[in-house]
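The structure appears right after this line, and notes come after that.
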Amino acid sequence: MSAFTYVVEGHGRFPVDLLPDEQAWPRSLHDAAAMGHFGARRCEMQGVKHPNERRWRAAGWVVKRVDVSRM
């Protein structure tokens with residue numbers, strides 16, 4: 001099984017509705033807090049599947065980096 005760590009950048013409302021389908025969560029408390037802020041920001045996410053970059057982009061956010069590690 002693989003684990004995926006990635007950075008998303010965007011502004012406005014964070015697309016929390018994507019997280020269940022993405023099977024992802026914020027990597028740290030700092031990232032969780034940043035999800036609630038407004039304006040331009042970046043959040044590091046962690047999940048069990050590769051992020052769907054098209055879905056993130058449709059929500060106004062861009063996936064900047066994806067790291068894969070074995071669990």
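The values are calculated or read from the model by the stated rules, or taken from the named source; none is laboratory data. Not measured: the values here are computed from a predicted model. Methodologically, a virtual Cβ is constructed for each residue, glycine included, from the backbone with ideal geometry; neighbour enumeration extends over all protein chains shown.
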Item to complete: Return the total of residues in the stretch 1-55 being at pLDDT below 95 and polar (S, T, N, Q).
Response: 1
Fill in: Qualifying residue in the stretch 41-48 (condition: more than 10 Å from the chain's Cα centre (by Cα) and surrounded by fewer than 11 Cβ atoms within 10 Å (Cβ to Cβ))
no
Practice prompt. Mind listing just one residue for me: the one in the stretch 31-71 that is acidic (Asp, Glu) and assigned to a strand (DSSP E or B) and, of those, farthest from residue 8 (Cα to Cα)?
Written response: 67
Worksheet item: Among (1) at positive phi; (2) modelled with pLDDT of 95 or more, which single condition is residue 58 missing?
Response: (1)
